[in-house]
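Comments concern the structure below.
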Amino acid sequence: MAQIIDGKAVSASVKAEVAEETEKLKEEKGLNVGLAVVIVGNDPASRVYVNNKKKACEAVGFQSFEYALDENTTQEQLLDLVNKLNSDTSVNGILVQLPLPKHIDEKAVINAISPAKDVDAFHPENVGRIMIGEYSFLPCTPAGVMRLIESTGVDITGKQCVVIGRSNIVGKPQAMLLLQKNGTVTICHSKTKNLKEICLGADILVVAIGRAKFVTGDMIKEGAVVIDVGMDRDENGKLCGDVDFESAEKKAGYITPVPGGVGPMTIAMLMKNTLTAAKQQAGIE
Ligand code: NAP
């Protein structure tokens, strides 16, 4: 039976580290850390994410600035706001909640965020930095996955690592991070042949597909580390992951649950990136 990787506990320890450093920055350097979160429209899921980010900011001692814009906001108005935040010294990190309404070009908005304040690490400059291993910020979800793997004590060096999913926000950066830690990495996607055989060779399996319970126990190598990034709904509408937890936990050595695995890590890593941004802008790091 697998050991459960407790994402809530690991994320709480990351947030505690951030809170402690934030307090020290305030006391010793008189520095406040600020995160601006911009939301356009009324998407209920986005609203929940933004509220959670606001709460996390309060918990670690950051100032949070929320900009809730009307669904009909034009691209020009949004770009004006981003430019204003780029030059606002009380704002260290800028996060524009995705998805944006269809009439707004997401790429144009991401590209307008100053790379120094791009705490989601979606700007092409930051994406490129990850490729060459000279990054300041890592995308929050893959960075959270790395912390979870680290928490197991399993050394990635020389391990067969399989990532299922090749999205720009999860799969691709995840593969790069595992490679940087000396894993031997295979990236799988919807056109991959022999997915089961490839998965069975994985010492570390990261699944980011978006299909409920897709990876089953018979696809998992005995003792593997299994990280489930998926956030899906099962046939009863209950939150679940891309991995069929029940069968997978019988084979895996370590496994993340959904909820309570990768999910809580994403916001914790966002807080960490914002702190890093504040320190860099103050010339401390
Ligand atoms: P995405 O952009 O839709 O990408 C999904 C990837 O899975 C694609 O690369 C796709 O391949 C691949 N895929 C789809 N069906 C497949 C199949 N049958 N076999 C193998 N690969 C297949 O999704 P995403 O944004 O990366 O998110 C993935 C999941 O993670 C979602 O459930 C999302 O909700 C969740 N998520 C969670 C967090 C968190 O904080 N916990 C953060 C981000 C995302 P192709 O490229 O060939 O189409």
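What follows is calculated from the coordinates using simple rules that are stated; it is not laboratory data. Quick caveat: nothing in here was measured; it's all calculated off a predicted structure. Glycine also receives a Cβ, built like all others from the backbone with ideal geometry; neighbour counts cover every protein chain displayed.
How many angstrom lie between the Cα centre of the stretch 1-51 and the Cα centre of the stretch 252-267?
Comparing the Cα centres of the stretch 1-51 and the stretch 252-267, I get a distance of 16 Å.
What pairs in Lys54/Lys221; Lys53/Lys193; Lys55/Lys279 have C-alpha atoms more than 30 Å from each other?
Listed pairs above 30 Å: Lys54/Lys221; Lys53/Lys193.
For the stretch 19-123, run through the GluC sites (Glu not before Pro) and keep only the ones in DSSP coil with at most 11 other Cβ atoms within 10 Å of their Cβ.
Glu71
Loop-only trypsin sites (Lys or Arg not before Pro) in the stretch 79-114, please: DSSP not H, G, I, E or B, and at most 15 other Cβ atoms within 10 Å.
Of the trypsin sites (Lys or Arg not before Pro), the ones in loops of the stretch 79-114 whose Cβ has at most 15 other Cβ atoms within 10 Å are Lys102.
Around Thr256, what is the net charge, scoring Lys/Arg as +1 and Asp/Glu as -1 over all other residues with Cβ under 9 Å from its Cβ? Intermediate values should be presented prior to the final figure.
Numbers: positive: none; negative: Asp6, Asp228.
Combined, the nearby Lys, Arg, Asp and Glu give -2.
Roughly what angle does helix 44-60 make with the longest principal axis of the chain, taking Cα atoms, 0 to 90 degrees, to the nearest 10?
70 degrees
Which value in deg cm²/dmol, rounded to the nearest 500, describes the helix-derived mean residue ellipticity at 222 nm for the chain, given -39,500 (n - 2.57) per DSSP H run of n ≥ 4 and division by the residue count?
Counting only the DSSP helices, I get -13000 deg cm²/dmol.
Which of the aspartates and glutamates could a cross-linker bridge to Lys196, judged by Cα under 13 Å and excluding same-chain residues fewer than eight apart?
Asp218
Assuming R0 = 30 Å, what is the FRET efficiency of Asp234 and Asp6, from their Cβ-Cβ distance, to the nearest 0.05?
My answer for the efficiency is 0.85.
Using a Förster radius of 22 Å, what is the FRET efficiency between His103 and Ala45 based on their Cβ-Cβ separation? Nearest 0.05, please. Mind dumping the intermediate values first?
Working: r = 19 Å, r/R0 = 0.89.
In this case the efficiency is close to 0.65.
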